[in-house]
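Following: one structure in structure tokens, then a few remarks.
Bear in mind these aren't lab numbers, they're just calculated from the coordinates by the rules spelled out. Quantities reported herein were computed from a predicted structural model and do not represent experimental measurements. We place every Cβ from the backbone using ideal geometry, glycine too, and count neighbours over all the protein chains shown.
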Amino acid sequence: MSTILLSSSILSADFSQLGNQIREAEEAGVDWIHVDVMDGHFVPNITMGPFIVEHCRKITSLPLDVHLMIEKPENHIEAFSNAGASHLSVHIENNPNVYRTLEHIRSLSVKPGIVLNPGTPAAAISSVIPLVDIILVMTVNPGFSGQKFIPSVVPKISDVREILISQHAKAMIQVDGGITEQTLPLTYKAGARVFVAATAIFKHPQGIAAGVQMLRKSVN
Ligand code: DX5
Ligand code: ZN
């Protein structure tokens, strides 16, 4: 039996029923709740902020896996930590203060993550690997749920794994974007162990539990 973690992205949840949707995902056995924060600058879309994280924190005891797709993430670390984020992942791109930001996240007892866009090579994160618990390899261009998986990113997952081995680092490799029962096994084989899914869980035609089950079954 393969050990994988599923992080369900509420971006595709029905927000008029957010509490129930999170509870349903938790009952279906997801491991983390993924919160996609977008500011309309770093990515074209605008979504949610610390206020939503605070409400998620009241609904579930699962780890809140917060993915920041915002400019100047360093200005918002304390707000997300105070709101109850368990993990805070920031992008390597356009982030001159990333080293300090990751240290700051750790100092607040939140797990730091680093994120790579599809166009960024694995080597870009080499010097921050000792600072992080999570390496998130984007398998779509960030900004929206429901996009198509980019298969050419898969070799980069193996590159990240190689860098981790060479540094004797224990960070987990996470993938995000277009993850389905077809694409999950491809990324698993390359070294990913944490899988973010919005559409495949919250928009599964047979419901949330069926979506979770299909993803889990895909690697067994
Ligand atoms: C995209 C977000 C993803 C998104 C995934 O920018 O980071 O977390 O919600 O959505 P799906 O699983 O539908 O590709
Ligand atoms: Zn995300």
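So for region 117-209, Kirkwood radius off the Cα pairs, Stokes-Einstein at 10 °C and 1.306 mPa s: how many µm² s⁻¹?
Numbers: Rh = 13.6 Å.
It comes out at roughly 117 µm²/s.
Taking θ as phi - 60° and the Karplus parameters 6.51, -1.76 and 1.60, the scalar couplings of region 132-142 work out to 10, 9, 9, 10, 9, 9, 6, 10, 9, 6, x Hz in sequence order, x denoting glycine and proline.
Quick check on packing: order 47-60, 21-34 by the mean number of other C-beta atoms within 10 Å, highest mean leading. Let's see the in-between values first.
Details: 47-60: 16.6, 21-34: 19.7.
The most tightly packed comes first, giving 21-34, 47-60.
Trypsin sites (Lys or Arg not before Pro) within region 150-185: which are DSSP loop residues with at most 15 other Cβ atoms inside 10 Å?
For trypsin sites (Lys or Arg not before Pro) across region 150-185 that sit outside H, G, I, E and B with at most 15 neighbouring Cβ atoms in 10 Å, the list reads K170.
Taking the helices alone, the chain has a mean residue ellipticity at 222 nm of -9000 deg cm²/dmol, built from -39,500 (n - 2.57) per DSSP H run of at least 4 residues and averaged over all its residues. With Rh defined as the Kirkwood radius, the inverse of the mean 1/r over Cα pairs, the Rg/Rh of the chain is 0.93.
Would you kindly state how much longer the chain becomes between K189 and H41 on full extension, computed as 0.36 nm times their sequence separation minus their alpha carbon distance, in nm to one decimal? Intermediate results must be reported in sequence, preceding the final value.
Numbers: separation 148, 0.36 × 148 = 53.28 nm, distance 3.38 nm.
Answer, rounded to one decimal: 49.9 nm.
Go ahead and collect, in residue order, the members of region 44-72 whose backbone nitrogen is under 20 Å from a label point 7 Å along the Cα-Cβ direction of A79. The answer is 44-58, 64-72, whose backbone nitrogens lie closer than 20 Å to the label point. In this structure, the pairs whose alpha-carbon distance is over 25 Å, taken from K111/K148; K189/K217; K148/K189; K58/K156; K72/K111; K58/K111, are K111/K148; K58/K156.
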